[in-house]
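Report on the following structure.
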Amino acid sequence: MLGFMAELLRYRGRPVTEADAAFLRDLVAAHPGASRRALSERVCGAWHWVQPNGAPRAMVCRGLMLALHRAGHIVLPPPRQISRNPLALPRRAAPAADWFGPTELQPIHAALGDLLPLTFRQVRRTAEEATFNGLLQAHHYLGYTQPVGEHLKYLVYSRDQRLLACLAWSSAPRHLGPRDRFIGWSKEQRQQNLRFLAYNPRFLILPWVEVPHLASHILGRMARLLPVDWQRIYGHDVVYLETFVDPTRYRGTCYRAANWIVLGQTTGRGKNDLTHQANRSLKEILGYPLCRDFRQRLGS
């Protein structure tokens with residue numbers, strides 16, 4: 001467990017003290033041949049840093065250790081290998097023809113009932129994940145970025161197995177004033193229970209699909225399916241969903257039709273703001289409680 005001395009820095013809202021840095025320095029000295037990954041796993045064991053499903057929070061731990069290393073509080077061993085992150089490199093989006101045959105690219109103009117029942121495939125860590133990533137990069141106005149923390153990715157198919165849509169879900173942003181006031185939780189409750197929220201960073205109806213009410217129907221189905229998959233994969237409930245909508249581009253009609261609630265606007269400063277000045281467009285914040293007692297459960 002982290003110590004309670006003078007605070008050196010904060011990492012993901014957690015205070016990091018000189019006692020923590022001293023522990024890490026001793027650990028590195030005691031295991032001179034260990035990799036950064038191996039060290040982070042030892043730290044997770046010593047500090048009991050685990051995800052709700054019991055897996056070590058090794059990646060978060062390595063991020064904390066790297067922050068201390070860069071600030072000069074500890075010295076980590078050199079990285080064993082430096083791998084490029086292809087998601088961080090600019091690249092030209094692959095055309096849709098690279099992912100589908102001519103038949104699958106035919107425009108879909110139909111009534112919603114003609115496509116039901118829909119099939120939802122969770123494709124993270126499957127062979128279809130590359131298709132999901134490529135379609136968002138090619139056809140979503142924000143492109144593709146890797147979701148943060150716990151996350152799931154879905155492809156949605158019609159009953160005759162034509163691909164219709166892509167949705168991503170991830171860990172929720174830490175600080176959202178309108179959301180936090182709506183829930184009514186304290187800072188401590190938010191830090192403890194934020195994992196019970198899921199954020200929808202991307203929702204794409206493929207551009208050749210024109211089906212009235214499809215988007216709101218998908219959101220309604222997701223509200224029932226996502227908590228089940230999250231519990232199965234991450235070992236804990238999800239009781240509240242949220243997203244952002246850029247009002248200069250969209251009205252968020254499908255979310256409103258699916259009974260999502262408009263809570264207010266972002267400040268336009270982003271999570272790493274240091275100037276307290278808006279540096280990006282304001283977004284509308286929409287939320288969707290998944291149970292009647294969500295406030296009680298999130299404030300417990």
Requested in this report: Sort the following peptides by mean Cβ neighbour count (other Cβ atoms within 10 Å, averaged over residues), highest first: 169-178, 291-300.
Outcome: 169-178, 291-300
Query raised in the report: How far apart, in nm, are two points set 7 Å out from the Cα along the Cα-to-Cβ line at residue 221 and at residue 70?
Result: 4.1
Query raised in the report: Quick one: putting +1 on the C-beta of Lys and Arg, -1 on the C-beta of Asp and Glu, what dipole do you get for the range 95-298 around its Cα centre, in Debye to the nearest 20?
Result: 680
Requested in this report: Using only Cα positions of the range 176-252, each an equal point scatterer, no hydration layer, compute I(q)/I(0) via Debye at q = 0.11, 0.21 Å⁻¹ and quote the log10 values to two decimals.
Outcome: -0.39, -1.12
**Report entry** For the chain, share of DSSP beta bridges that run antiparallel, in % to the nearest 5
**Finding:** 85
Requested in this report: Output the peptides 33-41, 120-128 sorted from most to least packed, where packing is the average of other Cβ atoms within 10 Å over each peptide's residues.
Outcome: 33-41, 120-128
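Can you give the relative contact order of the chain as a percent, counting alpha carbon pairs under 8 Å and 6+ residues apart? Kindly include the intermediate steps, with their values, before the conclusion.
Details: 427 pairs, mean separation 40.5, N = 300.
It rounds to 14 percent for the chain.
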Requested in this report: Could you give the size of the charge dipole of the range 7-70 about its Cα centre, using +1 on the Cβ of each K and R and -1 on the Cβ of each D and E, expressed in debye and rounded to the nearest 20?
Outcome: 280
**Report entry** Debye intensity ratio in log₁₀ form over the Cα atoms of the range 7-70, taken at each q of 0.13, 0.24 Å⁻¹
**Finding:** -0.32, -1.11
Report summary line: Log entry: pair-distance distribution for the chain, C-alpha pairs binned every 20 Å from zero, whole % per bin is 28, 55, 17, 0
Requested in this report: Report, in degrees rounded to the nearest 10, the 0 to 90 angle that the Cα long axis of helix 214-234 makes with the longest principal axis of the chain.
Outcome: 30
Report task. For the range 163-215, restrict the atom set to alpha-carbon positions and state the Rg and Dmax in Å. Result -> 15.6, 46
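Based on other C-beta atoms within 10 Å, arrange 248, 267 from fewest to most. Can you show the working numbers first?
On the way: 248 8, 267 18.
With the sparsest Cβ surroundings first, the list reads 248, 267.
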Query raised in the report: Quick one: length gained pulling residue 129 to residue 192 fully straight, 0.36 nm per residue minus the C-alpha distance?
Result: 19.6 nm
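Residue separation times 0.36 nm, minus the C-alpha to C-alpha distance between residue 116 and residue 26: what's the value? Could you put the intermediate results ahead of the total?
Values: separation 90, 0.36 × 90 = 32.40 nm, distance 6.01 nm.
Roughly 26.4 nm would be gained on extension.
Each value in this text was obtained by applying a stated rule to the coordinates, not by laboratory testing. Everything numeric here is computed off the predicted structure, so don't read it as measured data. With ideal geometry, Cβ positions are generated from the backbone for all residues, glycine too; neighbour counts draw on all protein chains shown.
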